[in-house]
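Worksheet: the structure to be examined is printed underneath.
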Amino acid sequence: MYGVIVCTKCRMHAQIIEVGTSRTVQCQRCGARLEVRKLQLTSTSENLDEVVKARTLMQAKIQANGPVHTIHSQSFQCNISQNNDPTGGICFAAPNKGQKARNKDISKIILEAISAGGELGIDELEEKCKVLDIDRNDLEKTIARLLEAGDIYFPVKGKVKKV
């Protein structure tokens, strides 16, 4: 039997384990030793393909929302075909009602936007942040903090680049 777990230390990595074969597993992201008996299995199945789909959805949800404190399998809806054919199954994350579009820290959003393009114009950055409902005032404060911390710099006037 296979199961999907989320690392209890970093809370940023979902992985597949074989249930009942070992006492401890190691997180593939942070390297923490995790005791299997203390972990919450979010999805279990005999079919490896189903577990791979559940793990993929879990990891996508983690990356979209940031660190996970508790995720329950009820937050996923899976429909498997009548003959248990894994190719016919449809799995998707159930939308969370009342959840803001922006769950991440503003500085993380800015750094991700800059690293995606390498160098980014301030106008482009303002547009991306406007879509995520980030105020111009908050954006300016965050850019100033990142500049002081040495995470970003201005190679030319009007452009921002990640260090």
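What nm distance separates the two modelled labels at Q26 and K141, each placed 7 Å from Cα along Cα→Cβ?
Label-label distance for Q26 and K141, simple model: 4.3 nm.
Cα-Cα over 27 Å: which of K9/K53; K9/K108; K61/K130; K53/K162?
Pairs exceeding 27 Å: K53/K162.
Given T142, S107, F154, which one lies farthest toward the positive end of the charge dipole of the range 106-162, if we put +1 on the Cβ of every Lys and Arg and -1 on the Cβ of every Asp and Glu?
Ranked along the dipole, the leading option is F154.
Here, each number is a calculation from the coordinates, and none is a lab measurement. Note that the coordinates shown come from a computational prediction; the quantities given were computed from them, not determined experimentally. No Cβ is skipped: glycine too gets one built from the backbone with ideal geometry, and neighbour counts run over all protein chains shown.
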